[in-house]
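Chemist: Handing you a structure now.
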């Protein structure tokens, strides 16, 4: 379960970096937060793992098969 959570965080970070890189020039200087907060989890892990992470409070469901980090 920990490996799945780590994979989720890594994928989220990649998507956020990609979104930040495609924004307007010098947008990294404005301090704007990434707009991507929820993603579809990696499909290497079964649905039961993601449900267990939600039950533990590490993730929260934000739509159909979309999760975000619980804060």
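The values are calculated or read from the model by the stated rules, or taken from the named source; none is laboratory data. Remember, it's a predicted structure, so these values are computed and weren't measured experimentally. A quick note on method: Cβ atoms are made from the backbone with ideal geometry, for glycine too, and the neighbour counts reach across all protein chains shown.
Chemist: Please enumerate the residues belonging to the stretch 57-69 that are free of Cβ contacts under 8 Å to residues at least 12 places away in the same chain and either touching a helix residue (DSSP H, G or I) at 6+ places or on another chain (Cβ under 8 Å) or in a helix (DSSP H, G or I) (or both).
Modeler: The answer is 60, 61.
Chemist: Does residue 64 satisfy being out of contact with any strand residue (DSSP E or B) (no Cβ under 7 Å at 6 or more places or on another chain) and modelled with pLDDT of 95 or more?
Modeler: No, not satisfied.
Rundown of residues vs (1) surrounded by 14 or more Cβ atoms within 10 Å (Cβ to Cβ); (2) modelled with pLDDT of 95 or more; (3) in contact with a helix residue (DSSP H, G or I) (Cβ under 7 Å, 6 or more places away or on another chain), yes/no style:
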{"position": "6", "(1), (2), (3)": "no, yes, no"}
{"position": "16", "(1), (2), (3)": "yes, no, no"}
{"position": "20", "(1), (2), (3)": "yes, no, yes"}
{"position": "25", "(1), (2), (3)": "no, no, no"}
{"position": "36", "(1), (2), (3)": "yes, no, yes"}
{"position": "45", "(1), (2), (3)": "yes, yes, yes"}
{"position": "48", "(1), (2), (3)": "no, yes, no"}
